[in-house]
Amino acid sequence: MAILVLILQFRQDESPEYLRAKHDNLLEDTPVVSAIREYPYQIFVVFALAGYLGIVYYMVSAFIPSLLEGSLHYSTNVAMLVTMVASICYFATAPLWGMISDKVGRKKVLLTACIGVGILIYPSLLLIV
């Protein structure tokens, strides 16, 4: 898949805006460093939210199967089935959350998700154990 993406990327023409900026020497030599200097707070918030909300997926994909197999003595098949169903639900509802985010705003959706994770994480673990 990565090879296909690389082939498609190399065949794609650059945008006129990029070519104009390149011709006028308006491009940064180190754009990542420049972005961190100009927008440190925004970059921190993005990393913090991605990490915080990534905890939930990590729990479903790694911690819960280990807990089901090790402590609760479920079979590997059951643990993987639970993980698969949770992942399918996650991927199936992602477009729905994107549509909701488009309607009410991404900040409200992210804030609601963070508060929901903070409130529900401990009771969820109690349900398992």
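The values are calculated or read from the model by the stated rules, or taken from the named source; none is laboratory data. Just so we're clear, the structure is a prediction, and the values are computed from it rather than from any experiment. Because the Cβ atoms are built from the backbone with ideal geometry, glycine has one as well, and the counts that use them run over all protein chains shown.
Brief remarks follow.
- Exclusive hit being at pLDDT 90 or above, of a type in the set (G, A, S) and closer than 30 Å to V109 by Cα, set A35, A50: A35
- The one condition from (1) surrounded by 10 or more Cβ atoms within 10 Å (Cβ to Cβ); (2) modelled with pLDDT under 90 that Q9 does not meet is (1).
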